[in-house]
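One structure is given here, and the rest of the page talks about it.
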Amino acid sequence: ELKVEQNPLFLSMQEGKNYTIYCNYSTTSDRLYWYRQDPGKSLESLFVLLSNGAVKQEGRLMASLDTKARLSTLHITAAVHDLSATYFCAVDPGVGETSGSRLTFGEGTQLTVNP
Amino acid sequence: SAVISQKPSRDICQRGTSLTIQCQVDSQVTMMFWYRQQPGQSLTLIATANQGSEATYESGFVIDKFPISRPNLTFSTLTVSNMSPEDSSIYLCSVLASGRLGETQYFGPGTRLLVL
């Protein structure tokens with residue numbers, strides 16, 4: 001059974017600071033996704049990482065994937081209050097026709113950025 | 001990308017009753033999915049619904065409890081049957097589609113269900 005673990009689960013940080021959220025998973029996969037969820041809202045897709053060594057950046061967020069270590073990171077640079085949300089990683093163990101389908105989500109990291 | 005709507009957005013139901021949740025997408029998609037998110041928790045995949053075939057259920061979810069229909073490439077329904085308070089959750093549908101980020105799952109706004 002695929003297990004996906006995120007840490008930390010709760011993160012309170014000051015504006016302007018940097019921090020990294022970690023996503024570890026238990027089985028071979030080269031597809032990993034990051035989502036953001038605001039309170040009471042649905043999930044917004046942030047990053048799609050499809051191969052070992054993939055690095056994607058969008059604004060103050062940068063995501064990377066190390067398939068050999070079974071680890072993805074979401075790095076926050078110079079945090080601002082608007083980044084406060086819950087961040088989920090999701091792993092896709094599928095290949096071929098089943099890729100992108102049976103996602104297993106991590107527990108989520110609830111990020112609060114304080115002024 | 002894909003724009004997804006769900007109905008109802010929320011409901012309060014009595015135990016023992018059933019609720020059908022509708023999911024509509026603005027483009028034709030092959031794969032649609034149903035997830036459950038219990039309050040403050042992560043998402044758990046209930047089933048995959050492909051048009052023209054029976055839904056595929058994940059471990060712990062059965063068709064009698066969560067029957068799914070997928071009559072065409074833009075629509076699906078999930079029924080939560082014989083509800084109990086433990087079924088109180090947010091139910092989300094998603095679709096696999098290509099967009100600016102690549103191919104990923106796009107999620108609907110969710111249906112917030114409270115069972116009394």
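Give me the accessible area of A:R60, 1.4 Å probe, in Å² rounded to the nearest 10.
Spelled out: A:R60, probe radius 1.4 Å, area about 100 Å².
For a quick check, take a GNM of chain A with Cα springs below 10 Å and name the residue from A:K41, A:K56, A:K68 with the largest mean-square fluctuation.
A:K41
Please give the per residue accessible area of chain B, computed with a probe of 1.4 Å over protein heavy atoms only, in Å². All intermediate terms of the calculation are to be shown ahead of the outcome.
Details: 5420 Å² over 116 residues.
Averaged over the residues of chain B, the accessible area is 47 Å².
Taking a quarter of the surface of the Cα convex hull of chain A, what do you get in nm²?
Averaged projected hull area, Cα only: 6.8 nm².
Unpartnered cysteines of chain B (Cβ-Cβ under 4.7 Å counts as a partner)?
Lone cysteines by the Cβ rule: B:C13.
Could you name the lysines in cross-link range of B:K7, using Cα to Cα under 28 Å and dropping any fewer than eight places away on the same chain?
Answer for B:K7, where 28 Å is the Cα cut-off: A:K41, B:K65, listed by chain and number.
Per the Kirkwood definition applied to all pairs of different Cα atoms, how many angstroms is the hydrodynamic radius of the range A:26-87?
About 12.4 Å, per the Kirkwood formula over Cα pairs.
With a 10 Å cut-off between alpha carbons and a GNM built on chain A, which of A:E15, A:E44, A:E58 moves the most?
Highest fluctuation among the options: A:E58.
Restricting to chain B, compute how many DSSP beta bridges are antiparallel as a %, nearest 5. Mind dumping the intermediate values first?
Details: 37 of 41 bridges.
Roughly 90 percent of the DSSP beta bridges within chain B come out antiparallel.
On the protein heavy atoms, probe 1.4 angstrom, tell me the percent of accessible surface of the protein assembly as shown carried by carbon and sulfur.
Working: 5410 of 11030 Å².
That share works out to 49 percent.
If you build a Gaussian network model of chain B, linking Cα atoms that sit under 10 Å apart, which residue out of B:S42, B:S84, B:S18 swings the most?
B:S42
Tell me, what does the Kirkwood hydrodynamic radius of the protein assembly as shown come to in angstroms if you use every pair of distinct C-alpha atoms? Intermediate results must be reported in sequence, preceding the final value.
Values: mean 1/r = 0.0551 Å⁻¹.
Here the Kirkwood hydrodynamic radius works out to 18.2 Å.
Given a 1.4 angstrom probe, what's the average accessible area per residue across chain A, in square angstrom?
Numbers: 5620 Å² over 115 residues.
For chain A, the per-residue accessible area is 49 Å².
Quick one: accessible surface of A:L46, probe radius 1.4 Å, all protein chains present, in square angstrom to the nearest 10.
20
With a cut-off of 8 Å between alpha carbons and a minimum separation of six or more residues, what is the relative contact order of chain B in percent?
Working: 289 pairs, mean separation 42.8, N = 116.
That works out to 37 percent.
Where does each of A:F10, A:F105 land when they are ordered by accessible area, with a 1.4 Å probe and the largest first? Write out the running numbers ahead of the final one.
Values: A:F10 150, A:F105 15 Å².
Output order, biggest surface exposure first: A:F10, A:F105.
Quick one: Debye curve from the C-alpha atoms of chain B, no solvent, what's log10 I(q)/I(0) at q = 0.12, 0.14, 0.17 Å⁻¹?
The Debye formula, applied to the Cα set alone, gives -0.38, -0.52, -0.77.
Using protein heavy atoms only (no ligands, DNA or RNA), what is the total accessible area buried between A and B, 1.4 Å probe, nearest 100 Å²? Don't skip to the end; give the middle numbers.
Values: alone 6430 and 6260 Å², together 11030 Å².
Roughly 1600 Å².
The values are calculated or read from the model by the stated rules, or taken from the named source; none is laboratory data. In this text, all values refer to a predicted model and were calculated from it rather than measured experimentally. Because the Cβ atoms are built from the backbone with ideal geometry, glycine has one as well, and the counts that use them run over all protein chains shown. Ligands, DNA and RNA are stripped out before the accessible areas are found, and what is left, the full protein with its side chains, is counted by its heavy atoms. Shrake-Rupley method; radii C 1.70, N 1.55, O 1.52, S 1.80 Å.
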